[in-house]
1. Considering only the stretch 171-187, I want to know if a residue exists there that is of a type in the set (A, V, I, L, M), under 20 Å from the mean Cα position of the chain (by Cα), closer than 26 Å to ASP112 by Cβ and modelled with pLDDT of 95 or more.
2. Which count do you get for residues in the stretch 142-165 that are assigned to a helix (DSSP H, G or I) and in contact (Cβ under 8 Å) with a residue 24 or more places away in the chain?
3. Could you tell me which of the residues ALA115, ALA88, ALA145 is among the aliphatic types (A, V, I, L, M), over 30 Å from LEU175 (Cα atoms) and modelled with pLDDT of 95 or more?
4. Residues VAL55, VAL130, VAL64: which one is out of contact with any Lys or Arg (no Cβ under 7 Å at 6 or more places or on another chain), assigned to a helix (DSSP H, G or I) and more than 29 Å from GLU168 (Cα to Cα)?
5. Going through the stretch 98-118 one residue at a time, which ones are over 30 Å from GLN150 (Cβ atoms) and touching a residue at least 12 places away in the same chain (Cβ under 8 Å)?
6. Consider the stretch 64-90. How many of its residues are over 20 Å from GLN151 (Cα atoms) and buried (at least 16 other Cβ atoms within 10 Å of the Cβ)?
7. From the set of residues in the stretch 91-121 that are surrounded by 12 or more Cβ atoms within 10 Å (Cβ to Cβ) and polar (S, T, N, Q), which is nearest to VAL155 (Cα to Cα)?
8. From the list PHE48, PHE63, which residue is among the aromatic types (Phe, Trp, Tyr), touching a helix residue (DSSP H, G or I) at 6+ places or on another chain (Cβ under 8 Å) and at pLDDT 95 or above?
Amino acid sequence: MGAEQSAPQRTPKTYRGAKRPREDDRALERALELMASVDVNSIANARFAEIRGPVSWAKLGDFVCHALKREFAATETSAELTDAVHYARALEARLRARDGVKGARTTRELRDAIASIGALAKLLGELQSVRSEKVTPDHDSGARATVLRQQWSKVVGAPTPWLKRLMEETVAQVLASGATPGVKSLYTKALATFLPPPAPTSPRGEQILWDSDFEDD
């Protein structure tokens, strides 16, 4: 007890502007820093204004999960997405480290929330890499892209205009690449989940003339 893992160093960000106050990032980074400690007493005695009452690893984890949901919902640039993915991966690392501590417990609810956020971060990071041609699209990545809308809705809620734009730009890149027709089909299917369903068309029926149609007014 008492050993701590150092939190990843972050470069101060200036591009968020008024939309994402710097204080939000400081709180998120501070929570992750505290979660890196394996000393229960150290965490309990810590000062963290965003949490009422005694601080605990579980409360910090819950705070980070909710903060990351807001982070993803507010994302509008590649740089912001990179930050959100970084934080999500750091959160997963905190859970793995906690699992290695004898006697430490994590509720199923919090564990599932962290896993869902991590899965979404991985999907978004991969999609961004495909769009920027850092990763070659293949059948596996295409299959994962088809569940992005579902994963986003599970974690964040309604898709944002930025998310739809990311998918559109990624699919355009894939269609212009040398990917196989099967891979292109998967990415096209993924994009379709973000588009409104086609308007239903009813077959034109045979017109029936009633006796009243022949009567004079």
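1. no
2. Going through the stretch 142-165 one residue at a time, the tally reaches 13.
3. ALA115
4. It is VAL64.
5. VAL101, ALA104
6. 0
7. Here the answer is SER116.
8. Just a single option satisfies the conditions, and that option is PHE63.
The values are calculated or read from the model by the stated rules, or taken from the named source; none is laboratory data. Every value quoted in this text rests on a predicted model; they were computed, and no experiment measured them. As a convention, Cβ positions derive from the backbone with ideal geometry for all residues, glycine included, and neighbour counts pool all protein chains shown.
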